[in-house]
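Only one structure is covered here, and it is reproduced in the block below.
Rule-based calculations on the coordinates, nothing more; no lab input. Not measured: the values here are computed from a predicted model. Using ideal geometry, Cβ is built from the backbone for each residue, glycine included, and neighbour counts are taken over all protein chains shown.
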Amino acid sequence: MPAGSTIALFALASLALAVVPGPAVTYIVTQSVDKGRRAGMTSALGVSSGGLVHVAAATAGLSALIASSATAFTVVKLCGAAYLIVVGIRRLLTREDDDTVAEPLPLQRVYAQGVVVNVLNPKTALFFLAFLPQFVDRGRGPVALQVAFLGCLFVAIALTSDTTYALLADALAGRLRRSVRAARIRRFFTGGIFVVLGVSAAAAHRS
């Protein structure tokens, strides 16, 4: 395993990166605003589970394939973008909850959606591929085990940050979400956010 000082430095760097709002945080906050605290926290768990998939891919070397292959990167990118845009358009077109309080989605669906959103984000794969090796010490054991350990530690730190964002978003949006007249605003806000995230994902480039 890496030295204790390396792990401490990695944890600090991971925390600094995790607290900066990005697409995953935007997605989680949107779910929390639209559907409440449980949906926001479940989304955070789904995103973290998707992160673990990327950790496993980085450990197995699959992230290197995405990084080196323009075709693989484009396929994953477009699949993720299409998924987000479809979810956003469906939300924009769902008008039945404009005059009533929206029924919450089953948490299983919310969780699965979070997993898919993160798994189909090739930027996450490239991030792990670029970030984790900087803290690997080849003289302290198998590289794959160190990558797996550091990746899981990052996911745990990111989950803590993401759930905090979910709780804050729920607290700030409680009145808006309970207001029947605000349902249309929520619909356009959340649907628009999904579409924007999808377009942003489609425009992503390898770097």
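Using the per-residue mean of other Cβ atoms lying within 10 Å as a proxy for protection, in what order, highest first, do the peptides 10-20, 30-40 fall? Can you show the working numbers first?
Numbers: 10-20: 15.2, 30-40: 23.8.
For the peptides 10-20, 30-40, the packing ranking is 30-40, 10-20.
What are the ³J(HN,Hα) couplings of segment 161-170, residue after residue, when phi is run through the Karplus curve with 6.51, -1.76, 1.60 and θ = phi - 60°? Round to Hz, x for glycine and proline.
So the Karplus estimates, Gly and Pro as x, are 5, 5, 5, 5, 4, 4, 5, 5, 5, 5 Hz.
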